[in-house]
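Asker: I'd like to ask you about the structure that follows.
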Amino acid sequence: MRSLLFVPANDAKKLDKAMACGADALIVDLEDSIPAQGKANARTSAAAFISEAGKAAHRPRLLVRINGFATGLADADLDAVVPARPDAIMLPKAEGGADVVRTDAKLLAREAIAGLPDGSIRIVAIATETATALFLAGTYGGASARLEGLTWGAEDLSAELGAEANRDGEGRFLDPYRLARALCLAGAAAARVQAIDTVAVDFRNAAALRQESEEARRDGFTGKMAIHPAQVPIINEVFTPSAAAIAEARAVIAAFEANPERGTVGIDGVMYDRPHLERARQLLARATAVGVG
């Protein structure tokens with residue numbers, strides 16, 4: 001998933017528009033974009049949308065962001081949306097692998113009731129929204145085979161920390177949030193799941209979005225969340241391997257295949273070692289997944 005677009009569950013017009021925006025995934029939101037008095041209706045809308053959208057031959061992946069466990073609303077959210085069979089649940093304010101285990105158990109029971117195959121609904125966890133979560137970012141490995149991605153957020157974390165801002169005057173994240181970003185990236189690598197970058201809230205600033213996306217790709221993230229359809233084309237472009245990158249990856253792989261006994265190979269005066277080989281294989285896998293390999 002290169003691009004994951006948030007859409008409020010109670011806005012049918014935005015949901016319909018999002019289906020054609022080119023995002024790899026839609027995150028049907030039951031949490032922050034829905035006021036308390038609208039939660040019940042939003043659940044009904046989310047389930048109806050997912051049931052219908054899931055029938056499309058060519059569609060984005062369909063995720064539902066439920067409310068966090070501390071709200072007491074998560075069970076009702078899952079009761080409503082699991083029978084509609086979303087592709088995944090996004091778990092906000094996750095505090096380590098234990099919360100993923102808990103989510104897995106809740107999904108397993110509801111899949112059985114709905115007659116769905118065990119494990120058919122995956123999990124993406126938002127791993128940095130509480131201070132406690134930062135200390136547990138390395139505990140996701142082995143928590144559940146359902147876990148397919150970790151992402152991070154700065155808004156809830158800044159509120160918990162009592163911060164006045166989470167970005168500086170130039171729009172760059174301040175140190176506490178760069179730490180959260182790094183912990184998410186490392187936690188995803190340790191758990192061997194996708195690392196997904198957080199949203200860029202200034203959705204009209206295309207240049208800043210591109211720079212933030214390119215920095216995320218450089219560091220190891222393979223996708224980014226969006227809050228507006230206009231952000232999707234830029235995110236998709238940045239996280240789609242370029243022709244030059246694909247050619248370089250193929251050259252590295254070919255060089256090692258021609259010299260299987262060697263730990264390093266030279267290509268055009270540049271030395272490549274085994275970590276470069278693994279990185280090349282990962283890039284080609286991503287390219288294949290989006291149809292450019």
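Asker: Going down the list Lys14/Lys224; Lys14/Lys106; Lys13/Lys106, which pairs span over 21 Å between their C-alpha atoms?
Answerer: Lys14/Lys106; Lys13/Lys106
Asker: Okay, next question. Please give, to one decimal in nm, the separation of the simple spin-label points placed at Glu155 and Thr71, each 7 Å out from Cα toward the Cβ.
Answerer: Output for this residue pair reads 1.2 nm.
Asker: Follow-up question, since we're still on this one. Quick one: which residues, 5 or more positions from Arg65 or on another chain, have an amide H under 5 Å from its amide H? H modelled 1.01 Å from N in the peptide plane, none for Pro or chain starts.
Answerer: Amide H to amide H, under 5 Å and 5 or more residues apart or across chains, Arg65 pairs with Val28, Asp29, Leu30, Met90.
Asker: Further question on the same structure: How far, in degrees from 0 to 90, does helix 206-219 lean away from the longest principal axis of the Cα atoms of the chain, to the nearest 10?
Answerer: It is inclined by approximately 60 degrees.
Asker: Taking only Cα atoms, what is the 0 to 90° angle, nearest 10, from helix 175-191's long axis to the longest principal axis of the chain?
Answerer: Result, in degrees: 80.
Asker: Sum up the charges of everything whose Cβ sits under 12 Å from the Cβ of Val265, counting Lys and Arg as +1 and Asp and Glu as -1, but leave Val265 out.
Answerer: With Lys, Arg at +1 and Asp, Glu at -1, the net is -2.
Asker: Continuing with the same structure: Can you compute the modelled spin-label distance between Gln37 and Ala230, with each label point 7 Å from Cα toward Cβ, in nm?
Answerer: So the label points at Gln37 and Ala230 sit 3.1 nm apart.
Asker: Modelled label-to-label distance, Glu215 and Arg192, 7 Å Cα→beta-carbon offset: nm?
Answerer: Calculated label separation equals 3.1 nm.
Asker: Given all pairs of different Cα atoms, what value in angstroms does the Kirkwood hydrodynamic radius of region 135-293 take?
Answerer: 17.5 Å
Asker: Please list, ordered by chain and number, the residues whose modelled amide H lies under 5 Å from the amide H of Asp24; skip anything fewer than 5 residues away on the same chain.
Answerer: Under 5 Å from the amide H of Asp24 lie the amide H atoms of Arg2, Ser3, each far enough along the sequence or on another chain.
Asker: Length gain on complete extension for the stretch Arg262 to Ala98, per 0.36 nm per residue less the alpha carbon to alpha carbon distance?
Answerer: 54.8 nm
Asker: Next question, about the same structure. Restricting to region 3-239, compute how many DSSP beta bridges are antiparallel as a %, nearest 5.
Answerer: Working: 1 of 30 bridges.
Here the share of antiparallel DSSP bridges comes out near 5 percent.
Asker: Using only the alpha-carbon atoms of region 243-289, report the extent along each of the three principal axes, biggest first, to the nearest angstrom.
Answerer: Taking max minus min along each principal axis of the Cα atoms, region 243-289 gives 30, 19, 16 Å.
Asker: Take the chain, connect every pair of alpha-carbon atoms lying under 10 Å apart with a spring to form a Gaussian network, then pick out the residue of Ala48, Ala245, Ala143 with the largest mean-square fluctuation.
Answerer: Of Ala48, Ala245, Ala143, the most mobile in the Gaussian network model is Ala245.
Asker: So, one more: Give me the number: length gained by fully extending Asp79 to Ala247, i.e. 0.36 nm times residue separation minus the C-alpha to C-alpha distance, one decimal in nm.
Answerer: Using 0.36 nm per residue and subtracting the Cα-Cα distance, I get 55.8 nm.
Asker: Sorted from fewest to most neighbouring beta carbons within 10 Å, what does the list Thr222, Thr288, Thr128 look like?
Answerer: Values: Thr222 19, Thr288 12, Thr128 29.
Ascending number of Cβ neighbours within 10 Å: Thr288, Thr222, Thr128.
Asker: Which residue, Ala105, Ala163, Ala80, tops the fluctuation ranking in a GNM of the chain built on C-alpha contacts under 10 Å?
Answerer: Ala163
Asker: Which order results if His228, His276 are arranged by neighbouring Cβ count within 10 Å, fewest first?
Answerer: The order, fewest Cβ neighbours first, is His228, His276.
Asker: Going by C-beta contacts inside 10 Å, put Glu261, Glu237, Glu95, Glu148 in order with the fewest on the left.
Answerer: Ascending Cβ contact count within 10 Å gives the list Glu261, Glu237, Glu148, Glu95.
Asker: Same structure again: Could you give the angle, 0 to 90 degrees to the nearest 10, between helix 39-53's Cα long axis and the longest principal axis of the Cα atoms of the chain?
Answerer: Around 50 degrees separate the two axes.
Asker: Next question, about the same structure. Select from Leu174, Leu209, Leu185 the residue whose mean-square fluctuation is largest in a Gaussian network model of the chain (Cα-Cα springs shorter than 10 Å).
Answerer: Fluctuation is largest for Leu174.
Asker: Express the relative contact order of region 7-47 as a whole percentage, based on alpha carbon pairs under 8 Å and six or more residues apart in sequence.
Answerer: RCO, region 7-47: 49 percent.
Asker: On to the next question. Over the Cα atoms of the chain, what radius of gyration and what Dmax do you get, in Å?
Answerer: Expressed in Å, the Cα Rg and Dmax of the chain come to 19.8, 65.
Asker: List the aspartates and glutamates whose Cα lies under 18 Å from the Cα of Lys39, skipping any in the same chain that are fewer than 8 positions away.
Answerer: The reachable aspartates and glutamates, counting only those whose Cα sits under 18 Å from Lys39, are Asp11, Asp29, Glu31, Asp75, Asp77, Asp79.
Bear in mind these aren't lab numbers, they're just calculated from the coordinates by the rules spelled out. These figures come from a predicted structure and were not determined experimentally. So basically every Cβ, Gly included, is an ideal-geometry build from the backbone, and we count neighbours across all protein chains shown.
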